[in-house]
Amino acid sequence: MRPVAFVTGGTRGIGLGIAHQLASNGYDLILNGVREEIEVESVLKILRSMSVEVCYAKGNIALEADRREIVKKVKSRFGKLNVLVNNAGVAPKVRADILEVTPEDFDELMDINLRGTFFLTQSLAQWMLGQKQENPSDSFSIIHITSVSASMASINRAAYCISKAGLSMFTKLMAVRMADKNIPVYEVRPGVIATDMTEKVKSAYQERIQNGLTLEKRMGLPDDVGKVVAALAKGDLPYATGQVITVDGGLTV
Ligand code: NAD
């Protein structure tokens, strides 16, 4: 039986890069996103052509009712979960000085990037601990996609930075909790990755990347993050958990 991975926000951008790499490594997939299933059908079809099973769990992770449906689907579809990748996240719609962030904008980011991820993980982690107890030789892991913004102060993206810094601490807390059954928890911190999220800032970064010292002098690609996640997902790094791997080509080193 193939291992199973669940990726939030897994039908485009970095999440799709992760899904693609996990499929290449033989994982059956459950992908979550907010779009209708019909809108992601072509993506699912491509992944299914990689000889794995792929299903879609539509839902907004910020909403409790949606989270309940997502968890129900994750538990019922394959009856097990080896890898949980918390990737879904949003950037601020408008950049605003830290002194001008509105409560609405702050809450929206926190609800998706931090609160939604926290409670979704809570619902699945206990189940994963039970599976590990029953199948001690199987591999399990949890991976959080944060951002270099988790430790860099961008004053016009305050809520985003705070949400990712919170997710970073959540990684450490979960690592300690899941160590009870030897399930590692990792944080992957992308730099600037070419997706819809970075479309508007692409040209500004392009110049910085060309002039600076980054690996291959290019923006990151979703598959770069996907390959790192797929390597960590195996859960076989000896005696290491709660650690951060930054995937930014060296931009913030
Ligand atoms: P993207 O906008 O291309 O994709 C985001 C994904 O999250 C989409 O699939 C979307 O449907 C999903 N999503 C958004 N809100 C959701 C919600 N409420 N419930 C469920 N799914 C939801 O963005 P991306 O660039 O692929 O970013 C993916 C993750 O990587 C995010 O957490 C982002 O913060 C992080 N990140 C991105 C970059 C970058 O340069 N692109 C850098 C650092 C970190």
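The values are calculated or read from the model by the stated rules, or taken from the named source; none is laboratory data. Quick caveat, the model's predicted, so the values are computed rather than measured. Note: ideal-geometry Cβ built from the backbone for every residue, glycine included; neighbour counts use all protein chains shown. In case anyone asks, the SASA skips ligands and DNA or RNA and just uses the protein heavy atoms, side chains included. Shrake-Rupley method; radii C 1.70, N 1.55, O 1.52, S 1.80 Å.
Of all residues in segment 196-240, count the ones that are of a type in the set (V, I, T) and more than 16 Å from V7 (Cβ to Cβ). If you could, list the steps in order and put the result at the bottom.
Restricting attention to segment 196-240, the residues satisfying the condition of being of a type in the set (V, I, T) are 198, 201, 209, 214, 225, 228-229.
From what's left, more than 16 Å from V7 (Cβ to Cβ): 198, 201, 209, 214.
Matching residues across segment 196-240 total 4.
Any chance you could count how many residues in segment 232-253 are modelled with pLDDT of 95 or more, aliphatic (A, V, I, L, M) and in a loop (DSSP other than H, G, I, E, B)?
1
Tell me which residues, restricted to segment 119-134, are within 14 Å of the ligand (Cβ to nearest atom) and open to solvent by less than 50 Å² (accessible area, probe 1.4 Å). Walk me through it before giving the result.
Taking segment 119-134 as the starting set, the residues that turn out to be within 14 Å of the ligand (Cβ to nearest atom) are 119-121.
Matches in segment 119-134: L120, T121.
For I183, work out the one condition from (1) crowded, with 20+ Cβ neighbours inside 10 Å; (2) hydrophobic (A, V, I, L, M, F, W, C); (3) not in a loop (DSSP other than H, G, I, E, B) it doesn't fulfil.
I183 satisfies all of (1) crowded, with 20+ Cβ neighbours inside 10 Å; (2) hydrophobic (A, V, I, L, M, F, W, C); (3) not in a loop (DSSP other than H, G, I, E, B) except (3).
Name the one entry in V52, V71 that is of a type in the set (A, V, I, L, M) and part of a helix (DSSP H, G or I).
Values: V52 fails: part of a helix (DSSP H, G or I).
When all the criteria are applied, what remains is V71.
Would you mention how many residues in segment 79-93 are crowded, with 20+ Cβ neighbours inside 10 Å and under 20 Å from I183 (Cα atoms)?
Total meeting the criteria: 7.
Checking A91 against (1) away from the ligand (no atom under 15 Å from the Cβ); (2) in contact with a Phe, Trp or Tyr (Cβ under 8 Å, 6 or more places away or on another chain); (3) part of a loop (DSSP other than H, G, I, E, B), only one condition comes out false. Which one?
Just one mismatch for A91, condition (1).
Which pairs have Cβ atoms under 6 Å, sit 6 or more apart or on different chains, and link a residue in segment 179-201 that is acidic (D, E) to one that is within 16 Å of the ligand (Cβ to nearest atom) and open to solvent by 30 Å² or more (accessible area, probe 1.4 Å)?
Between residues of segment 179-201 that are acidic (D, E) and residues that are within 16 Å of the ligand (Cβ to nearest atom) and open to solvent by 30 Å² or more (accessible area, probe 1.4 Å), the close pairs are E187/V244.
Need the failing condition index for P222 against (1) open to solvent by less than 80 Å² (accessible area, probe 1.4 Å); (2) closer than 19 Å to T146 by Cβ; (3) more than 8 Å from the ligand (Cβ to nearest atom), just the number.
In the conditions (1) open to solvent by less than 80 Å² (accessible area, probe 1.4 Å); (2) closer than 19 Å to T146 by Cβ; (3) more than 8 Å from the ligand (Cβ to nearest atom), P222 misses (3) alone.
Of these, I209, I143, which one is on the phi < 0 side of the Ramachandran plot, within 15 Å of the ligand (Cβ to nearest atom) and assigned to a strand (DSSP E or B)? Even if it seems obvious, please write down each step before you answer.
Values: I209 fails: assigned to a strand (DSSP E or B).
After ruling out the rest, the residue left standing is I143.
Is there any pair with a first residue in segment 35-58 that is free of Cβ contacts under 8 Å to residues at least 60 places away in the same chain and a second that is in a loop (DSSP other than H, G, I, E, B) whose Cβ atoms are under 6 Å apart and which are 6 or more apart or on different chains, and what are they?
Sorted first by the residue in segment 35-58, then by its partner, the pairs are V40/T11; V43/T11.
Looking at (1) within 21 Å of E69 (Cβ to Cβ); (2) more than 19 Å from the chain's Cα centre (by Cα), which one does G116 not meet, given that it meets all the others?
So the condition that G116 fails would be (2).
Of all residues in segment 14-49, how many are more than 21 Å from L120 (Cα to Cα) and under 17 Å from the mean Cα position of the chain (by Cα)? Show your work before the answer.
Initial filter on segment 14-49 (more than 21 Å from L120 (Cα to Cα)): 17, 20-21, 23-26, 38-49.
Checking which are under 17 Å from the mean Cα position of the chain (by Cα) leaves us with 17, 20-21, 23.
Of the residues in that region, 4 qualify.
Within segment 65-88, how many residues are without any contact (Cβ under 8 Å) to a residue 40 or more places away in the chain and within 9 Å of the ligand (Cβ to nearest atom)?
Adding up the residues that qualify gives 1.
Could you please find all residues in segment 171-206 being in contact with a helix residue (DSSP H, G or I) (Cβ under 9 Å, 6 or more places away or on another chain) and more than 13 Å from the ligand (Cβ to nearest atom)?
So in segment 171-206, the residues in contact with a helix residue (DSSP H, G or I) (Cβ under 9 Å, 6 or more places away or on another chain) come out as 174, 177-178, 180-198, 205.
Correct list: M174, R177, M178, D180, K181, N182, I183, P184, V185, Y186.
Name every residue in segment 94-118 that is assigned to a helix (DSSP H, G or I) and surrounded by fewer than 15 Cβ atoms within 10 Å (Cβ to Cβ), in order of residue number. Don't jump to the end; show me each part of the working.
Here is the first cut: in segment 94-118, the residues assigned to a helix (DSSP H, G or I) are 98-100, 103-118.
Matches in segment 94-118: I98, L99, E100, P103, E104, D107.
Looking at segment 1-43, which of the residues that are within 12 Å of the ligand (Cβ to nearest atom) and assigned to a loop (DSSP other than H, G, I, E, B) is surrounded by the most Cβ atoms within 10 Å (Cβ to Cβ)?
Result: G10.
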